[in-house]
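Below is one structure; the comments refer to it alone.
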Amino acid sequence: MEPFLRHRGRVAMLDRANVDTDQIIPKQFLKSVRRTGFAPALFFDWRYLPDGSPNPAFELNQPRFAGASILVVRNNFGCGSSREHAVWAIQQYGFRAVIAPWQMRDGERVAAFAEIFRSNATRNGLVTVELSEPEVEAIARETAAREGLEATVDLERMTVTLHTPQPLEFRFSMDEAARRTLMEGLDEIRQTLEFEPEIAAFERRHDPQMPSAAR
């Protein structure tokens, strides 16, 4: 997995809340046993017309968002089923980070991302950034006003910086274990291998043979 320290790229705004994984990648594209080739299926039902041509009304089909690598969305992104393909499709399309707002409802903080989606994202190297609603709204305004707007997501400084004439900076927090996983590019195999001495010691202490029925 590629380590993520910081990334600067063009911002694209998908101005929709409660985007579920079936909209991110519809179920008919889950039959493949390979982990590649999912980019064309991203947001398929929104992205294409019934005849297969690009839908000009869909946000990410706008030429101003071509080549974007930072996706800004609304609350509760990635809800629905737990398909890991949703993260693969977002990454293979070209996005390195997704930014969404948390909300306060009845005095409780509601996360920006569905929990399973966030976990899948971290395990695959896709950065999920939670900001407040006013901060995401500020990003949305700047994105609408400035074609080609770029931003930098920095995991070392835990900041998102909009590269406007007067740069705007937003700070965020992240679980430290997730942050380390992303910054060091630790997939699950590498995380397991960090405990190789303990695993080897355990194996030396235990007979690998199953006890016989006679015993």
Out of everything in the range 44-59 that is exposed (fewer than 12 other Cβ atoms within 10 Å of the Cβ) and hydrophobic (A, V, I, L, M, F, W, C), what residue ends up being farthest from residue 112 (Cα to Cα)? 49
Going by what's in this entry, would residue 73 be described as out of contact with any Phe, Trp or Tyr (no Cβ under 8 Å at 6 or more places or on another chain) and modelled with pLDDT of 95 or more? yes
Filter the range 178-199 down to residues that are exposed (fewer than 11 other Cβ atoms within 10 Å of the Cβ) and within 15 Å of residue 124 (Cα to Cα) and give me whichever is modelled with the lowest pLDDT. 189
So, residue 62, is that one within 22 Å of residue 149 (Cβ to Cβ) and surrounded by 14 or more Cβ atoms within 10 Å (Cβ to Cβ) or not? yes
Under 7 Å by Cβ, and 6 or more places apart or on different chains, what pairs join a residue from the range 88-106 that is within 16 Å of residue 135 (Cα to Cα) with one that is at pLDDT below 95? 102/109; 102/110; 102/111; 103/110
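Residues that are under 17 Å from residue 11 (Cα atoms) and of a type in the set (A, V, I, L, M, F, W, C): does the range 49-61 have at least one?
So far as the range 49-61 goes, yes, one or more of its residues are under 17 Å from residue 11 (Cα atoms) and of a type in the set (A, V, I, L, M, F, W, C).
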Out of all the residues in the range 1-18, is one or more touching a residue at least 60 places away in the same chain (Cβ under 8 Å) and of a type in the set (S, T, N, Q)? yes
Residues in the range 56-80 that are part of a loop (DSSP other than H, G, I, E, B) and within 10 Å of the chain's Cα centre (by Cα): how many? 1
Filtering the range 28-43 down to residues that are without any contact (Cβ under 8 Å) to a residue 40 or more places away in the chain and not polar (S, T, N, Q), which residue is surrounded by the most Cβ atoms within 10 Å (Cβ to Cβ)? 43
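The values are calculated or read from the model by the stated rules, or taken from the named source; none is laboratory data. The structure presented is a predicted model; accordingly, all values stated were derived computationally and were not measured. Positions of Cβ are backbone-derived with ideal geometry, glycine not excepted, and every protein chain shown enters the neighbour counts.
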